[in-house]
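Below you'll find the structure, written out as structure tokens, and then a few comments.
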């Protein structure tokens, strides 16, 4: 059975080196009508690379804009798309064979449906120092996929959108050009907006890809701080999620209790550098369980600390630990 052609949208920022591996398998799929790459600012030669490639492969369309964040780049790509069905792919996700056709098959005859594909993290063949952040990310993603399979209603409020399809008309209903920018949790906001609009969601492991996620201890702590700020913003938009998004609320494990206490400003100033050094030391001497546990603790501390700081300016109320 032949399906209508699909627009594949890829927001990107300084990922020139990965784009050939991301785009090539999409072009081999007969359902791909075009690949719209939105270059969201950046300082590398992504535009020149895509411009040259498009001479021999006219389905590639490169669009540039000033840096506005992944959500704005995604929306720009949807606006520029020519076909009714949109497949959204992150710029570090490599599609498996038939991915675009698979999305088109599941979307056939459906409206207001969001289809989520599978994108397991490509893990290192042999663990090395500093890879705990990647392993934590991979494990949490697999846990989220199990949640999807156990209860579809959980998809939108735990959305990972790097391998996803949606009708163009539906995508344009989600969010707006004037919404406040989030520096993190953009996927979650997109899912919550879809849920508010009454869309349905399904997850299908057969829509397979692989995620070349890159991270480090420094990147993880920076993203944790961004997460804390974004959680405050999302709670302002969706107060009903305060219990879920507020890292200072909810049941406490021993590790979470320690992290909440250490996230207090006067303690964090001392604790965070010490834990960072201990994490590096444990990785150097291959004490893997210790490295992983410390990395998780650091992320919790930085998320909670950032949440505390930004919630003060936002006048959010939370329980102090």
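Ordering 80, 34 from the fewest to the most neighbouring beta carbons within 10 Å gives 80, 34. Listed from fewest to most Cβ neighbours within 10 Å, the set 184, 118 follows the order 118, 184.
Let a ≥ b ≥ c be the square roots of the eigenvalues of the Cα gyration tensor of the stretch 10-104; is it rounded (a/c under 1.5), or, if not, prolate (a/b larger than b/c) or oblate?
Values: a/c = 1.59, a/b = 1.31, b/c = 1.21.
It comes out prolate by the Cα gyration axes.
The sum of -39500 (n - 2.57) across all DSSP H runs of n ≥ 4, divided by the residue count of the chain, sets its helix-only mean residue ellipticity at 222 nm to -15500 deg cm²/dmol.
Annotation: the antiparallel percentage among DSSP beta bridges lying fully within the stretch 6-211 is about 30. Across the chain, the relative contact order, built from alpha-carbon pairs under 8 Å that are at least six residues apart, equals 18 percent. Panel note: the C-alpha atoms of the stretch 217-314, placed on their principal axes, show extents of 45, 23, 22 Å (largest first).
Read-outs: derived from the displayed coordinates by stated rules, not from any lab. Values in this document were obtained by computation on a predicted structure and should not be read as measured data. Quick reminder, even Gly has a Cβ in these numbers, built from the backbone with ideal geometry, and neighbours come from all protein chains shown.
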